[in-house]
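Beneath this line is the structure, given in structure tokens, with notes to follow.
The values are calculated or read from the model by the stated rules, or taken from the named source; none is laboratory data. The structure presented is a predicted model; accordingly, all values stated were derived computationally and were not measured. Here the Cβ positions follow ideal geometry from the backbone for every residue, glycine too, while neighbour counts run over all protein chains shown.
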Amino acid sequence: MSKELNEAIGGRIRAYRESLGMNREAFSEQIGLSPQFLAEAENGKKGLSAESIYKICTSSDMSADYLVLGKIKKDKLKTPLDYALQDMPEEYSVQYVKMLQTMNDMLTSAKKDSLGRNKQEE
């Protein structure tokens, strides 16, 4: 596989794993690959064999179309955001997913802080 393809596939794996809120160790255990191999795949340093692609797709809810081609099946789309992401160029969609994860983390943290302040005021 070309370096660009390895990087694209690795970016999709990382984005998917992060969207689940899973660290690399937990996700690698779920899919049956070593954390070291997963790190190298996510960073585009290693290509995936058909067996590794099979393990990832059967052990998670990731489709092979998404993993290899970056395509999302229309029947898997759940929100308008999913439709926007499907039409977005690959180099932007991975960054966009990371940005959304960061925003989600910030909102979750703010909610926890707010709940903590409310309990202190009681």
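Annotation: of all residues in segment 41-70 being aliphatic (A, V, I, L, M) and more than 14 Å from the chain's Cα centre (by Cα), the one that is nearest to MET22 (Cα to Cα) is ILE53. Against the list (1) modelled with pLDDT under 90; (2) among the hydrophobic types (A, V, I, L, M, F, W, C); (3) closer than 26 Å to MET103 by Cβ, the condition ILE13 fails is (1).
Quick one: count up the residues across segment 16-25 that are charged (D, E, K, R), within 13 Å of the chain's Cα centre (by Cα) and at pLDDT 90 or above.
Residues flagged as charged (D, E, K, R), within 13 Å of the chain's Cα centre (by Cα) and at pLDDT 90 or above within segment 16-25 amount to 1.
Looking at SER28, is it at pLDDT 90 or above, in contact with a Pro (Cβ under 9 Å, 6 or more places away or on another chain), in a helix (DSSP H, G or I) and of a type in the set (Ser, Thr, Tyr)? Spelling it out, SER28 is indeed at pLDDT 90 or above, in contact with a Pro (Cβ under 9 Å, 6 or more places away or on another chain), in a helix (DSSP H, G or I) and of a type in the set (Ser, Thr, Tyr). Hey, any hits in segment 4-23 for a residue that's among the basic types (Lys, Arg) and surrounded by fewer than 19 Cβ atoms within 10 Å (Cβ to Cβ)? Within segment 4-23, none of the residues are among the basic types (Lys, Arg) and surrounded by fewer than 19 Cβ atoms within 10 Å (Cβ to Cβ).
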